[in-house]
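J.: Got a structure for you, questions after.
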Amino acid sequence: MTAARATLAAADDFAGWRDHARAFLAAGIAPEGVVWDVAGGDAPDLFGIGAMAGPTAPADGEAIRVPRDLLGLLRDALMHSAPHRFALAYRLLWRLRAAPHLHRDPSDPDMIALHGLAKAVRRDIHKMHAFVRFRKIGVVDGREQFAAWFEPDHHIARATAGFFRDRFAGMDWLIVTPEASIAWDGVALREGPGGSRDDVPAEDAVEAEWQAYYASIFNPARLKINMMKREMPVRYWRNLPEAPLIAGLIGDAGRRVGAMVEGGTRSEERLAEIPVAERRFDNLDRLYAALDAEDAPPSPGFSRRVVFGEGPSSAPLMLVGEQPGDQEDEAGRPFVGPAGQLLDQCLAEAGLARDGIFLTNAVKRFKFTERGRRRIHQTPTTGDISHYRWWLAEEVRLVAPKIVVALGATALHALSGRKQALGPVRGAALPWGGRLLLPTVHPSFLLRLPDEQGRAIERGRFVRELRRAVAAI
Amino acid sequence: MTKLTRLEKLSILADAAKYDASCASSGGARRDSRETGGIGSTTGMGICHSYAPDGRCISLLKVLMTNMCMFDCTYCINRSSSNVRRAAFTVAEIVDLTLDFYKRNYIEGLFLSSGIVRSPDYTMEQIVEVARSLREDHGFRGYIHLKTIPEGDPELIARAGRYADRLSINIELPQDEAIAALAPEKDGACIRRTMADLGKRIGEARAERQESRKAPAFAPAGQSTQMIVGADNSGDDHMLRTSAAFYRDYGLKRVYYSAFSPIPDASRTLPAQPPPLMREHRLYQADWLLRNYGFSVDEITGTMQGGRLSLDMDPKLAWAVERRDMFPVDVNRAPREMLLRVPGLGAKVVDRLILARRHRRLRLEDVGRLCRVLRKVRPFIVAADWRPTRLIDRADLGTRLAPAQLPLFA
């Protein structure tokens, strides 16, 4: 039999293959008699033989109908880089004449091979959709312009153009591969020759943020390196801006997990020593008498009045607030203003009676600025807090409660001796010099929340924390 | 405090979001950006743009608006009592970041969640505003997954559904008592109510879309949820029964199982050691059998011991070993439902077998060409030239087949 040769215009020249195949079928040329190659070389056939057999129109009536589902499969498979793809595809068409349902048989070896090629191509297309990384070139006439360099395994570049057009309609883009380039300008797709890595910008400012994202979204407690490599094969890594981070993330994972498992037992460190009182008093009355007689405000802006604590002198539960407010200063009693009234309600909900509890403040005087006729609350400074700190410590020692509840950050600062955020320790009953310290918010925090829904949530939590204090007695 | 850069915020808020397992961008309508002149498309397939060394797909920009939170859920790194660094994005920052990432082909879209700040409604409004701005101000046609806050106003959730492809609410723990104990601000009944409401809206919108293509879409990719494995004493039976009820009653698309992961600054009421990742993997396998293989939840829980799935054997094999009376199955005659129950035969392989047997009587060799591991399938099938007379009766069948499974997942 005469050997026929078909030379296709390009490695992904499906139309050329189809025309040749039709002509060969019409001429009754068996698959063994055909040599397929690509102009300019796909994988050059060193044993090229025979005369050129150009595509000729198939004879009338001989036209072969290729079923639609097989056509799609052939289209995909012929983008594969394997040199035998054209011959395999033609052999299937040849065999189809005798076995019209051949393509429906998934266990036929030729069909298995064709499915294998098509699958590899579809995977490569999918990976190109996934792993192309655009870099910004600039803005021209209000349109952003981007370019990307990509190295596919198979002859798929042109086949992906529609996907990128549909996805990135609103920007100009160019994708360069070694074999072909494709571009979109908002109006039309264009194809061009292949290029090199140097055709696209070497960097993009947003890549640093992408790398930061990649590093942060990784969970070091679940290392599964093979899984990553299976889905993101190493050969793609050289064009992925996130890939250089991988080695470091893997190397550091063990240490990070170890630190997390060991962590979380540091709350004791947050509580400094309780100050030793410089002077000791026999009872609260003497303490308050001395405080009233001797105390000078530590900084300007304080009221002249000292407000003492109140409650049973051996109450098992002690609540410490920040400082007296305007109404407390007027009345000379702690927690009688709006915050005090809210506290009373919350105590009642938690099943506590106010008269069974000792109530006091970290700072013993009202600090304020005057605005018109109103006295506006001022937060006490660290100096103010430490000034009253040993008076407070002495109060705690004399009442000797089982549990002290710090209402707000100032009380926590005064009791723990350290300025610190309330959040991390809120609601925890922390061991504290033979007693327990339970930090929570100040009721005035609940009054300041702008939103009713939010207030209800925070209030519920505050009541639960008061209950926890009761349970600890 | 100095102002954080966008990169610093991203580091904090992506780190805080990584305990959500879902990164799916699949499902939902096909659409593209050619008509909006913006950017973005969804093909219904979903694309993983990268993989982290934890083997998980990176498909979406998965971030929180803020990791500040007034809730104090014990298992959560963002709980109010956690000592992590806090940050907050503005609406504009998230919108810009999503577009910047999308234009460089890093992502399929956005998965936005948030800690609860100020109030559930306020937080939900911010989340919805991001989605609205992306869709309406920028013509963004990519994927949007919004975490909804069940305590929020139903009207806000309805608005979220108009912009999002997928909505989710995390139940986190399968039993309401555990929710009450570990997440005191949350309420299991409220979460279920909101899921039911979402399921109804999604179903109605889908029905209307079938009548008229102009009907407004509502979360076309459906709703999902997540359960934490190993943070409380819930057994696998509790988890799967909860999932089965979600699929059946609320039409959920997916339930994600997230093995409790040691988190920085963990609460001491939680186990410091994570449960084996294999347990999470077995739950996913069992869930898959529920959704795609026609198994009932009772059939799967029937193979459990002490409420746990076997770690050594996948749930299908465990079921088959218990129900040997159902085997062997004739690959040349058995109906699809029965072939799906053969250990080692997946849905794709079963469909190929059914096609292939129209052309010839299948021999063991033919089955071998179509399936992955013939050794695993062999004891359970009859082919033209094969009958497993002795294998199926062996008392140690399970252990003979199971050890080879382990390295796959180790």
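J.: Could you grab me the full set of residues in region A:171-193 that are within 28 Å of B:Y51 (Cβ to Cβ) and in a loop (DSSP other than H, G, I, E, B)?
T.: Those that are within 28 Å of B:Y51 (Cβ to Cβ) and in a loop (DSSP other than H, G, I, E, B): A:M171, A:T177, A:P178, A:E179.
J.: Return the residues of region A:233-252 that are in a helix (DSSP H, G or I), of a type outside the set (D, E, K, R) and more than 7 Å from every other protein chain (Cβ to nearest Cβ); say none if nothing qualifies.
T.: Residues satisfying the conditions are A:V234, A:Y236, A:W237, A:N239, A:A243, A:P244, A:L245, A:A247, A:G248, A:G251.
J.: Okay, next question. Hey, among the residues in region A:415-440 that are away from chain B (no Cβ under 14 Å) and not in a loop (DSSP other than H, G, I, E, B), which one's nearest to A:F462 (Cα to Cα)?
T.: Across region A:415-440, the extreme among qualifying residues is A:L437.
J.: Looking at this structure, is B:G44 under 22 Å from the mean Cα position of the chain (by Cα), more than 8 Å from chain A (Cβ to nearest Cβ), part of a loop (DSSP other than H, G, I, E, B) and within 24 Å of A:R167 (Cα to Cα)?
T.: So B:G44 fits the description; yes.
J.: I've got another one for you. Go through region B:17-33 and give me each residue that's of a type in the set (A, V, I, L, M) and under 17 Å from B:T148 (Cα atoms).
T.: Listed by number, the residues that qualify are B:A17, B:A21, B:A24.
J.: Got at least one residue in region B:102-112 being in the same structural domain as B:T43 (by TED's automatic domain parsing) and over 24 Å from the mean Cα position of the chain (by Cα)?
T.: yes
J.: Now, a different point. What number of residues within region A:172-212 are touching a Gly at 6+ places or on another chain (Cβ under 8 Å) and either on the phi < 0 side of the Ramachandran plot or at pLDDT 95 or above (or both)?
T.: Total satisfying the criteria: 10.
J.: Within 22 Å of A:R333 (Cβ to Cβ), in contact (Cβ under 8 Å) with a residue 40 or more places away in the chain, in contact with an Asp or Glu (Cβ under 8 Å, 6 or more places away or on another chain) and not small (G, A, S), is that true of A:T410?
T.: For A:T410, the condition - within 22 Å of A:R333 (Cβ to Cβ), in contact (Cβ under 8 Å) with a residue 40 or more places away in the chain, in contact with an Asp or Glu (Cβ under 8 Å, 6 or more places away or on another chain) and not small (G, A, S) - is met.
J.: It is to be established whether one or more residues within region A:56-74 are modelled with pLDDT of 90 or more, surrounded by 17 or more Cβ atoms within 10 Å (Cβ to Cβ) and under 22 Å from A:E179 (Cβ atoms).
T.: yes
J.: Given the structure, is A:V121 of a type in the set (A, V, I, L, M), within 17 Å of A:A183 (Cβ to Cβ) and either more than 14 Å from chain B (Cβ to nearest Cβ) or touching a residue at least 40 places away in the same chain (Cβ under 8 Å) (or both)?
T.: Judged against the criteria, A:V121 is not a match.
J.: Another question about this same structure. Being of a type in the set (D, E) and surrounded by fewer than 14 Cβ atoms within 10 Å (Cβ to Cβ) is the requirement here; does A:E203 meet it?
T.: Taking the combined requirement at face value, the residue satisfies it.
J.: Residue by residue through region A:441-473, note down the ones that are free of Cβ contacts under 8 Å to residues at least 12 places away in the same chain, more than 10 Å from chain B (Cβ to nearest Cβ) and more than 17 Å from A:E349 (Cβ to Cβ). Show your work before the answer.
T.: To start, the set of residues in region A:441-473 that are free of Cβ contacts under 8 Å to residues at least 12 places away in the same chain comprises A:448-457, A:460, A:471.
Going one step further and asking which of them are more than 10 Å from chain B (Cβ to nearest Cβ), we end up with A:448, A:471.
Matches in region A:441-473: A:R448 only.
J.: Only one of B:R308, B:R241, B:R282, B:R291 is modelled with pLDDT of 90 or more, more than 24 Å from B:C23 (Cβ to Cβ) and in the same structural domain as B:E177 (by TED's automatic domain parsing); which?
T.: Among B:R308, B:R241, B:R282, B:R291, only B:R241 is modelled with pLDDT of 90 or more, more than 24 Å from B:C23 (Cβ to Cβ) and in the same structural domain as B:E177 (by TED's automatic domain parsing).
J.: Another question, if that's okay. Could you name every one of the strands (runs of 3 or more DSSP E) located completely within region A:281-387 that has at least 3 residues being of a type in the set (A, V, I, L, M, F, W, C)?
T.: A:317-321
J.: State which residue pairs qualify: first residue more than 7 Å from chain B (Cβ to nearest Cβ) and without any contact (Cβ under 8 Å) to a residue 40 or more places away in the chain and inside region A:203-232, second residue among the hydrophobic types (A, V, I, L, M, F, W, C) and assigned to a helix (DSSP H, G or I) in any location, beta carbons under 7 Å apart, and separation of 6 or more residues or different chains.
T.: Once the first residue is more than 7 Å from chain B (Cβ to nearest Cβ) and without any contact (Cβ under 8 Å) to a residue 40 or more places away in the chain and sits in region A:203-232, its partners that are among the hydrophobic types (A, V, I, L, M, F, W, C) and assigned to a helix (DSSP H, G or I) give A:Q211/A:L245; A:A215/A:L245; A:A215/A:L249; A:P220/A:A253; A:P220/A:V257.
J.: Applying the selection to region B:109-148, what residues are more than 9 Å from chain A (Cβ to nearest Cβ), charged (D, E, K, R) and touching a residue at least 24 places away in the same chain (Cβ under 8 Å)?
T.: Matches in region B:109-148: B:E125, B:E129, B:R132, B:R135, B:D137, B:K147.
J.: Find the residue count for region B:231-242, including only residues that are without any contact (Cβ under 8 Å) to a residue 60 or more places away in the chain and in contact with a helix residue (DSSP H, G or I) (Cβ under 7 Å, 6 or more places away or on another chain). Spell out the reasoning first.
T.: Restricting attention to region B:231-242, the residues satisfying the condition of being without any contact (Cβ under 8 Å) to a residue 60 or more places away in the chain are B:232-233.
From the residues that got through so far, the ones that are in contact with a helix residue (DSSP H, G or I) (Cβ under 7 Å, 6 or more places away or on another chain) too are B:232.
Qualifying residue count for the region: 1.
J.: Inside region B:374-410, can you point out the residues that are modelled with pLDDT of 85 or more and closer than 27 Å to A:R230 by Cβ? Before you say what the answer is, go through the steps one by one.
T.: Going through region B:374-410, the residues modelled with pLDDT of 85 or more turn out to be B:374-387.
Of everything in region B:374-410, those that are modelled with pLDDT of 85 or more and closer than 27 Å to A:R230 by Cβ turn out to be B:L374, B:R375, B:K376, B:V377, B:R378.
J.: Within region B:168-204, take every residue that is within 14 Å of another protein chain (Cβ to nearest Cβ) and part of a helix (DSSP H, G or I) and give me the one that is farthest from B:A217 (Cα to Cα).
T.: Out of the qualifying residues, it is B:A181.
J.: Something else now. Looking at region B:300-322, which of its residues are crowded, with 18+ Cβ neighbours inside 10 Å and in a helix (DSSP H, G or I)?
T.: B:I300, B:T301, B:P315, B:K316, B:L317, B:A318, B:W319, B:A320, B:V321
J.: Looking only at residues that are among the aliphatic types (A, V, I, L, M) and part of a helix (DSSP H, G or I) in region B:1-41, which one is surrounded by the most Cβ atoms within 10 Å (Cβ to Cβ)?
T.: The residue in question is B:L13.
J.: Consider region A:97-144. How many of its residues are in contact with a Lys or Arg (Cβ under 7 Å, 6 or more places away or on another chain) and either farther than 30 Å from B:R104 by Cβ or among the polar types (S, T, N, Q) (or both)?
T.: Final tally of qualifying residues: 6.
The values are calculated or read from the model by the stated rules, or taken from the named source; none is laboratory data. Predicted, not measured: the structure shown is a model, and the values here were computed from it. Cβ sites come from the backbone with ideal geometry, for glycine too, and all protein chains shown count toward neighbours.
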